[in-house]
Every structure is written in structure tokens, then in C-alpha cells.
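Engineer: Take a look at the following structure, please.
Bear in mind that the values in this text are calculations on the coordinates, not laboratory data. Remember, predicted model here, so these are calculated numbers, not experimental data. Don't worry about glycine lacking a Cβ; one is built from the backbone with ideal geometry, like all the others, and counts go over all protein chains shown.
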2 protein chains.
Amino acid sequence: MNLKDLAASLGLSQTTVSRALNGYPEVAQATRQRVLAAARAHNYSPNTRAKALATGRAMAIGHVIPLATSTELVNPVFADFIAGASETYMRHGYDIVLSVIGDDDEDRVYRDMAAKRMVDGVILQSPTTDDRRIALLRDLGLPFVVHGRATDLPDDYPYVDVNNRRAFKRATEFLIDLGHRRIALVNGRSQLGYAVRRQAGFVEGMAARGLTPDPDLLLADEMTEGYGHAAMRTLLARPDPPTAVLAASTIIAFGMRRAADDAGVRLGRDISLITYDDDLSYFRNGGAEAVFTALRSSVRMAGRRAAELLVDLIERPHDAAGLPRQDLLEAELIVGRSTGPAPSA
Amino acid sequence: MNLKDLAASLGLSQTTVSRALNGYPEVAQATRQRVLAAARAHNYSPNTRAKALATGRAMAIGHVIPLATSTELVNPVFADFIAGASETYMRHGYDIVLSVIGDDDEDRVYRDMAAKRMVDGVILQSPTTDDRRIALLRDLGLPFVVHGRATDLPDDYPYVDVNNRRAFKRATEFLIDLGHRRIALVNGRSQLGYAVRRQAGFVEGMAARGLTPDPDLLLADEMTEGYGHAAMRTLLARPDPPTAVLAASTIIAFGMRRAADDAGVRLGRDISLITYDDDLSYFRNGGAEAVFTALRSSVRMAGRRAAELLVDLIERPHDAAGLPRQDLLEAELIVGRSTGPAPSA
DNA sequence: AAGCACATTCAAAGCGCTTTGGTCAGCACA
DNA sequence: TGTGCTGACCAAAGCGCTTTGAATGTGCTT
């Protein structure tokens with residue numbers, strides 16, 4: 001059933017039917033009701049592609065999920081981020097077009113999306129320190145919102161990010177206040193913007209108390225459970241193991257916990273651990289009581305916010321008058337069972 | 001830059017340019033080269049929507065991610081499944097249109113996708129025991145492949161599934177052979193097809209050795225880490241705790257491991273655990289050596305296979321001559337460190 | 001030299017929608 | 001009676017592509 005058929009079945013023109021369905025005023029009330037009823041009865045729903053072609057609006061947003069090159073890993077945070085974003089999109093009638101792609105190929109994907117006009121805007125995930133994609137998207141004139149921030153570029157683009165620097169600084173100070181001096185950071189890959197900011201926050205927190213981090217205690221890699229396990233094992237095997245650790249994700253933290261258990265080391269007593277917690281739905285950090293002391297910021301909410309910014313950017317491109325729309329979320333520090341005073345030597 | 005402009009800039013008709021780009025034979029070699037070069041030079045890429053409208057093919061596949069109702073959880077399994085599927089789609093030029101939606105609303109989404117003609121086919125995830133969506137999609141005439149199977153319907157639709165029954169039967173027998181008699185099953189939500197099959201396999205395995213499972217040892221819920229933890233705690237708190245457990249996912253297994261650690265119970269010695277392992281990229285079950293004894297089947301590969309079936313179904317709908325295209329994958333039983341002989345009472 | 005097949009190219013219709021620029025009654029006003 | 005509105009509707013163009021049905025030019029046959 002298409003517009004033409006529907007119009008014919010009603011003895012009306014396509015114009016009138018289209019207007020009735022889209023809520024234009026120049027249609028008699030009675031006619032509108034009749035049209036609406038017929039549309040429902042015939043289960044009519046306008047052909048998205050035709051509509052998009054006619055209006056120039058795709059009513060779709062592109063999300064590009066980077067596969068960590070070579071390793072081909074897909075980070076579960078994207079699932080929650082998208083779930084959050086889709087809540088917003090649903091309210092506004094947008095669909096999600098997903099591309100999963102090796103991060104070396106991303107330029108091409110964005111270029112394609114722009115040239116093919118298949119989306120009205122895109123979300124840019126996991127920006128690297130000097131991400132080229134930001135300039136590319138600006139060039140292409142494709143509206144976009146970055147989830148996270150680059151570090152070596154001016155922050156003059158729309159983004160939603162967590163104040164990672166402040167969060168990690170605060171967590172570091174919290175540990176130092178508990179008496180810890182040797183603190184390790186088990187971070188994400190160092191070319192990622194947030195990894196850089198987390199390390200900066202950590203270093204700042206140490207410096208604020210007159211401490212300098214031991215470079216040997218700064219680890220960085222893809223944030224898998226296996227990596228957390230390996231990192232913890234390495235740290236515990238040192239002649240002078242740290243008394244506290246900061247982890248960049250709950251998944252890492254679970255791996256670290258497993259390594260600690262393997263070694264008979266108890267979290268919160270023998271070694272303290274604070275993790276960053278995206279509040280992943282299948283990986284909640286405890287229920288009533290937090291398992292890990294954690295910096296918590298829901299990535300799902302970030303998705304919701306990013307989508308809101310993007311939709312606004314698309315629907316009211318000029319409101320901003322050149323002002324970037326940005327949102328810097330603060331993480332909460334939640335005290336759980338994985339931290340305690342530094343063991344006296 | 002659109003076709004018209006490109007044609008004008010070359011002094012050719014749209015027809016010829018279109019044909020040159022799409023590889024039709026009736027174009028002179030020299031002309032084709034010229035067109036291709038110009039297209040590249042102008043970074044021309046055909047408007048997807050216009051193309052879709054003209055051809056009737058959307059070159060897109062719909063994936064519907066169910067949010068567990070009320071709980072609003074998004075299972076990370078989908079991330080890996082989609083990553084796998086997208087490898088296939090990429091090779092064939094399809095995009096993914098994603099809907100994340102409460103599972104009570106799914107009917108509407110599929111109906112919409114069909115009416116709006118925005119996708120050429122869909123993947124149906126996590127079918128329930130008597131899933132209505134299968135009949136719906138057949139009615140709508142929208143090509144689809146099911147990831148998993150219903151249990152109370154004839155298996156006469158295209159699907160990719162793991163032989164969960166056999167896998168769980170085998171794992172159960174493996175545990176019994178190690179001397180275990182009291183075995184628990186920590187399963188996914190019981191309305192899901194695979195949960196039913198896993199339980200069936202478990203019961204069969206027990207029966208094959210003349211045992212009947214204790215109904216109190218059959219637990220089922222959303223497969224989160226927290227649930228795994230709670231389930232294990234409950235089991236261990238019993239006066240007659242099981243000596244072995246089957247878990248329906250590594251995420252559950254990690255939660256169970258945590259609970260075991262909390263209680264000072266050691267896996268593989270005090271209690272044995274076999275888990276189903278989707279081989280999630282951020283959640284690998286160990287590296288060189290498996291952490292958990294596990295039934296492993298990569299969900300990513302399942303995604304790849306499902307996408308292949310679907311693309312084939314779309315592009316050659318009649319080859320099958322009514323035969324359903326189905327793929328039943330077998331899970332490997334991988335022996336790790338979480339199983340051992342039953343402790344002698 | 002006429003006729004024909006073949007290789008190239010093109011104009012125009014059509015996909016299903018929105019939107020511009022009308023038309024046509026009916027009514028009030030002078 | 002004629003003019004000007006206004007409310008309700010419609011025909012047709014246009015979005016950017018594919019595809020049908022012709023047209024054109026070329027070389028070969030007879």
C-alpha cells in the first residue's frame with residue numbers, strides 16, 4: 001500500500017492525503033480523520049526511502065563502531081552507549097545506521113556516509129589524541145557529536161565527555177589519603193583521548209601531594225578482562241608491588257580481581273583498587289553495595305545526551321550561532337569494598 | 001555531486017554514466033574508464049536513497065536488539081554478533097539498521113520495517129519458546145534469519161543456532177564422569193529458546209546416567225554478572241550445596257567465581273563449574289589456558305553465518321525451492337581449570 | 001550500393017514521496 | 001453585481017537514481 005493507492009481508495013489527491021498524515025493545517029478536520037483511519041486500516045506507513053529522497057532528510061544517524069585494529073575486538077561499552085542513544089532517537093523518529101569497521105578505514109566510511117546521504121549526522125566514538133576525523137567531518141559538512149574528546153586539538157566541536165582528568169585526580173587523592181604511595185594505573189590504549197586524560201589526572205593527583213608516579217607502574221592496553229588479569233599478575237610479581245591500583249574499566253577490574261584471587265591477595269586489604277565504571281548493564285558493579293570502589297558515570301546516559309545534542313544540531317543547526325555544544329559529565333566516586341588503608345610495611 | 005552533474009561534466013547521458021558505474025556491458029571500454037576516473041576525481045558516490053527507491057533494494061539489513069523488558073539490559077553478546085554479521089555485510093555492500101527496543105514492542109518494529117521498506121531483510125534475535133515474530137515475518141514477506149530457535153514451533157524457518165541441547169548434555173556427562181551427582185544449572189531466562197534447550201540437554205545428560213536433577217538446583221534469570229554472583233551465593237548457602245554447576249554464560253561464570261572467592265571456595269577443587277562461552281572479545285575465557293572449562297562457540301561466527309544465510313536468501317530467494325536454510329553449530333568442550341573430581345564426601 | 005547486424009549512446013518514464021503553485025466554491029462586503 | 005478572501009482541495013514538478021525503448025553510427029554482407 002502506497003500513498004497513491006491510499007489516495008485513490010479515499011477518492012482524494014496524494015497531496016491532501018500527504019498533508020493530512022503530516023499534520024498540515026490546510027486539511028478539513030473530517031477529511032483528516034478519514035485519512036488517518038484509512039491509513040491505520042491499511043497499515044500504511046510511508047516508504048522511508050521515498051520520503052528521504054523527497055525531503056532531503058534521511059531520519060537516520062550513523063554510528064561507527066571501531067574494531068580495535070588487528071585485535072578485532074568490539075568493546076561492550078558501545079552496546080550500552082547505543083542503547084542510551086536509541087532512547088533519544090526513538091522519541092525523535094531517527095533510525096540508527098551502524099558500521100562496524102577497522103579503525104584504519106573509518107575515513108572512508110564517513111566520506112561514504114556523507115556522499116551517499118544516508119544519514120543526517122554521525123556520532124564519533126573513541127577519538128584519538130589528534131583525531132583526523134573531526135576535521136574531516138567538519139569539511140564534509142556532516143553534523144556530528146564526539147563521544148569523548150581529542151587532546152591535541154582545540155575543543156571547538158560538539159562533544160559529550162566525562163571529566164576523566166578530574167575523576168582520576170580525585171581517585172588518586174583518595175588513595176593517597178588512605179596512605180598509599182606506590183600506585184599503579186592500568187589504563188586503556190594510550191592513543192585514546194580518555195586514556196591520556198586519565199593518566200594526566202592521575203599524575204596531577206600524585207603531584208598535588210608531592211608524589212611522582214613510577215613509570216613502571218603505568219600500564220596501557222586494550223581493556224579486556226584478560227589484560228586486567230595479566231596486568232595485575234605483572235604488578236604483583238614485582239619486588240616492590242604497588243599498594244593500590246587504578247583501573248580504567250570494570251572489565252579490567254574483574255580481570256585484576258581474578259589475578260589477585262589467584263595470588264591469594266585480597267582486594268581492599270592487601271591491595272586497593274579503584275576502577276572506572278561505565279555502569280554497563282550486564283556488568284554492574286555490585287547491587288546494593290558496590291564491589292569495587294569506583295568512578296561511576298553511566299555510558300548509557302552519555303549515549304542519551306550525545307544523541308540529544310546531535311538531534312538538536314541537525315534540527316536547529318543555526319541556533320548555536322557557531323557556539324559548540326558540549327557536555328562534560330562528572331563521575332561519582334563510589335566507595336565499595338576494594339579499597340582500604342595502605343598496609344603498613 | 002550527483003549523477004546529473006557528473007554526466008554533464010563528461011558530456012554524456014545519465015544512462016551511460018549509470019551503466020558505466022554499475023558495470024553494464026553496453027558501454028565502450030574507453031568511456032567506462034573516463035567515467036570511473038571522473039567519479040573518483042569528484043568523489044562521487046550514488047545517493048543511497050535514490051538508488052534504493054529506483055531499484056527497490058535498500059541494501060540494508062535490520063537488526064533488532066531486544067532490551068530485556070523492565071530491566072532494560074543490553075546483552076553484550078549482541079555486540080559480537082553484529083561485529084560478525086557486519087563482516088559479511090561489508091563484503092556484500094549492505095548496511096545495518098539497528099533498532100534497540102523493549103521486547104514487548106518488537107512486533108511494531110518489524111511491521112514498520114516492512115511497511116517502510118527500509119531494509120531488505122532482518123535478523124531475529126533471542127527467540128522465545130513460541131515466538132510470534134516468526135509467523136509475523138513470514139506473513140510480512142520480509143526475508144529473515146533467526147539467531148537461535150523457538151522450541152514450540154516447527155523448525156521450518158531459516159536459522160543459525162548452536163546445538164545447545166547436545167552441548168549441555170555432554171557437559172553434564174563430563175561432570176558425572178568426574179563423580180559429580182548434585183549438579184546445578186544457572187540458566188538464562190526460561191522463556192528463551194536456548195535456555196529451554198540447555199535445560200533439556202542437562203536433564204538428558206543426567207537421565208542418561210540414571211540421575212534426576214534437583215529442581216531446587218535449577219536457576220534462571222537475566223544473565224548478568226550480578227545474577228551469577230547471587231546464584232552462586234544461594235547455592236553455596238544451601239545445607240547440601242551442589243558439587244558442580246553449569247553456567248549459561250561467561251558473564252554469569254565470572255559472577256559465580258566472585259561469589260566462590262568471597263566464600264573461600266575454590267573452583268575446580270571445592271566446586272566444579274562449566275560455562276557456556278560465546279567467546280566475547282572483551283571477555284575471553286583465558287588466553288593460552290582456559291580459565292573455565294567451557295562449551296565454546298563463537299557468537300561472532302554465528303553472526304557471520306547468519307548474515308551469509310540472510311544475504312543469500314535475499315539475493316537468491318528461489319534457489320532454496322522452499323527448503324529452509326539452517327545451520328546448527330556445535331560447541332567445543334574445552335577443559336580449563338574450573339573442573340575437577342567431585343570432592344569425596 | 002543497399003541492407004543489416006552490432007556496438008554505443010540517449011531521452012524519458014518511473015520508483016513513492018513532498019511541496020509549489022495553482023483552482024474552485026462559498027461567503028462577506030460594497 | 002462584482003470584488004476579494006478564505007478554506008479545502010488538486011495537478012504536476014522534483015528529489016537522484018535505474019531501466020526501457022529508441023536512435024545513431026559503423027562495418028560487413030550480398
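Engineer: Using the 7 Å Cα-to-Cβ label point, sort the distances from B:D107 to its equivalents in the other copies shortest first and give them in nm to one decimal.
Structural biologist: Values, ascending and in nm: 5.0.
Engineer: So what is the 222 nm mean residue ellipticity for chain A from helices alone, if each DSSP H run of at least 4 adds -39500 (n - 2.57) and you divide by all residues, rounding to the nearest 500 deg cm²/dmol?
Structural biologist: So the calculated ellipticity at 222 nm is -13000 deg cm²/dmol.
Engineer: Shortest first, in nm, what separates the label point of B:P239 from those of the same position in the other copies (7 Å along Cα→Cβ)?
Structural biologist: Values, ascending and in nm: 5.6.
Engineer: Summing +1 for each Lys or Arg and -1 for each Asp or Glu, what net charge is found among the other residues whose Cβ lies under 14 Å from the Cβ of A:V122?
Structural biologist: -2
Engineer: Under 17 Å Cα-Cα from B:K116, which lysines qualify once same-chain neighbours fewer than 8 residues away are excluded?
Structural biologist: List returned: A:K4, A:K51, B:K51.
Engineer: Over all alpha-carbon pairs of segment B:1-56, lay out the pair-distance distribution in 5 Å bins, whole %, shortest bin first.
Structural biologist: Distribution as computed: 4, 20, 33, 26, 14, 4, 0 percent.
Engineer: Please list, in chain and number order, the residues 5+ apart from A:A220 or on another chain whose amide H is under 5 Å from its amide H, with Hs placed from the backbone.
Structural biologist: So A:A220 has HN proximity to A:N187.
Engineer: Taking segment A:75-115, how much of its Cα-Cα pair set, in percent, is spaced more than 14 angstrom apart?
Structural biologist: 60
Engineer: Considering only DSSP beta bridges with both partners in the protein assembly as shown, what is the antiparallel share in %, to the nearest 5?
Structural biologist: In the protein assembly as shown, DSSP labels about 15 percent of beta bridges as antiparallel.
Engineer: Follow-up question, since we're still on this one. What length, rounded to one decimal in nm, is gained on full extension from A:D104 through to A:S9, with 0.36 nm per residue of separation minus their alpha-carbon distance?
Structural biologist: Difference between extended and current length: 28.9 nm.
Engineer: What spacing in nm lies between the two simple spin-label points modelled at A:R238 and A:R266, each 7 Å away from Cα in the Cβ direction?
Structural biologist: Each label point lies 7 Å from its Cα, and together they span 2.4 nm.
Engineer: Find how much the distance from A:L333 to A:T212 grows on full extension, using 0.36 nm per residue of separation minus their present alpha carbon separation; answer in nm with one decimal.
Structural biologist: Extra length available between A:L333 and A:T212 comes to 41.3 nm.
Engineer: Pull up all non-local amide H partners of B:I101: gap of 5 or more, or a different chain, and H-to-H distance under 5 Å with H placed in the peptide plane.
Structural biologist: Result for B:I101 returns B:I65, B:L67.
Engineer: Okay, moving on. Distances longer than 30 Å among the Cα atoms of chain B: what percent of all pairs is that?
Structural biologist: Beyond 30 Å sits 46 percent of the P(r) for chain B.
Engineer: Another one. Relative to 2.2 N^0.38 Å, what does the C-alpha radius of gyration of segment B:144-191 come to as a ratio? Two decimals please.
Structural biologist: With N residues counted in segment B:144-191, Rg over 2.2 N^0.38 Å equals 1.50.
Engineer: What does the structure give for B:225-233 when I average, per residue, the other chain Cβ atoms found within 10 Å of the residue Cβ?
Structural biologist: What the average comes to for B:225-233 is 3.
Engineer: Could you check the simple spin-label distance between A:H318 and A:S344, using points 7 Å along Cα→Cβ, in nm with one decimal?
Structural biologist: Going from the A:H318 label point to the A:S344 one covers 7.1 nm.
Engineer: What's the percent breakdown of Cα-Cα distances in the protein assembly as shown across 10 Å bins, shortest bin first?
Structural biologist: That works out to 3, 14, 22, 24, 19, 11, 6, 2, 0, in percent per bin.
Engineer: How far is A:N22 from the same spot in each other copy, in nm, shortest first, if each label point sits 7 Å from Cα toward Cβ?
Structural biologist: With the label placed 7 Å along Cα→Cβ, A:N22 yields 2.7 nm.
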